[in-house]
Amino acid sequence: ETGVGGLGSSRRRPPASGSRTGSARSARSPSTRTGVGGGRGEDGLDADGGLLPSSRPDTGVTAPPPAEVSQVSNAASEARRRRAVEEEDDQDGKITPITEEMVIGIAQANATALERLTSVSLSGMCISSIACLKSCPQLRTLDVSCNRIRILEGLEFNPQLRELRVSYNRLWTLSGLTKNGALEELHAQVNQLSEIAKGWLSAQKKLKVLRLDGNRLTKLANLDSLVSLTHLDVGSNQLSKIEGLGMVAQSLEVLCISNNQLTSLAGVDQAAWLREVDATSNSLTGLSGLRRCDKLETLRLSHNQIADLSGLPRLVGLAELYLVGNCLAAGVGKAIARGCPSLEFLTLKDNQIKDLSEIRQYAAITSLVDLKLAGNPMCEKGEYVGMAKQHLTQLDSLDDLVIVERKPLEEGEGGEV
């Protein structure tokens, strides 16, 4: 996934062989969200579009002190932390800052002068400091992911920076970006951030993609300056409710809040322009909190505790709905047909739907082309597939079984083949 790199662009899975390719029906294929900005290739997606839990190695560095501690206490704690960091790095091996030689090597490989270098990639180099980039004032893209960096320092010399990748490091703070007002993408997933402190992101008025998944956040705060943000990924944190979106809600289009501790979607509908929401793997019991999200196209709610869809609002633009592994039993198709009349992809695997008569309810969703019901008790009945084929003639695929094959159309042709 490149999701909100879908949290970036949303990459689409190619359609299954023979399904709707070239037909006059919608050319949309189910999204494989790549989360905020670029992707979640490191975490992965399950087969039904849900995000798999991210695995974050425990690096053993303590989190920063709470905000209420005095400045003197903070300074003493920071000094202790720095000493601990140095001792840990000594045990891990030699401390490796970015050196001028490294940067010169990149410049030479690109046949350009240091002062004109625009892209630097030093991922997986055991680097602990990025303070030696002042010789690259034109730098626009910096990738220092998979290193040992704990603080961002020296970036004031790179005011042109557009994209910064610092994922899989040991960051506990995002201070150090006050001179990087041109930043458009910040990928800081899988670090040790426990808060978004005031002032850390105050200069990022052009930021569009923010990935903070796989950290230790317990709440969202101090995001008001991010007036251009469209993709936000805070999955795999410790959030128990959604609040603090502030001005971000005015521009946000893709929100990933998967793998948290949410029991409700309350607060999500502050962002009325959302196109995609991923709330996979929480403790949701209902769907209240989406009433104003009438621009939604993709909604991922797999692996929660949802037992009924009474709170599902009318989402006329919703094309994809994922509800794998919930507690749904009866009246599911009727509720979805009423609330999501334009649905194309529906996944209800591993729920508790028993009555075969439920199948008829999905006939009202005339746009539906792909339906997954496997893992429900009704699917164990012998007449399940036959009944589905009889009543759901609009489907191309049922439980990944191609029902209708559609040949590609020649240029200029129209209609179904």
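At a glance:
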{"read-out": "Between region 107-182 and region 248-298, the Cα center-to-center distance that results, in Å", "value": "32 Å"}
{"read-out": "With DNA, RNA and ligands ignored, accessible area of residue 342 (1.4 Å probe; Å², nearest 10)", "value": "50 Å²"}
{"read-out": "By accessible area with a 1.4 Å probe, ligands and nucleic acids excluded, highest first: order of 157, 345", "value": "157, 345"}
{"read-out": "Heavy-atom accessible area ranking, 1.4 Å probe, most first, across 253, 344, 320, 115", "value": "115, 253, 344, 320"}
{"read-out": "Surface per residue (accessible, 1.4 Å probe) for region 132-263, Å²", "value": "33 Å²"}
{"read-out": "Solvent-accessible surface ranking, highest first, for 187, 303 at 1.4 angstrom", "value": "303, 187"}
{"read-out": "Accessible area of region 226-385 belonging to carbon and sulfur atoms, whole % at 1.4 Å probe", "value": "49 percent"}
{"read-out": "Accessible area (Å², per residue) of region 278-417, counting only protein heavy atoms and a probe of 1.4 Å", "value": "43 Å²"}
{"read-out": "Heavy atoms of residue 384: accessible area, 1.4 Å probe, square angstrom to 10", "value": "10 Å²"}
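The values are calculated or read from the model by the stated rules, or taken from the named source; none is laboratory data. Note that the structure is a prediction, hence the values are computed from the model and not measured. Side chains included, ligands, DNA and RNA excluded: accessible areas come from the protein's heavy atoms. Shrake-Rupley method; radii C 1.70, N 1.55, O 1.52, S 1.80 Å.
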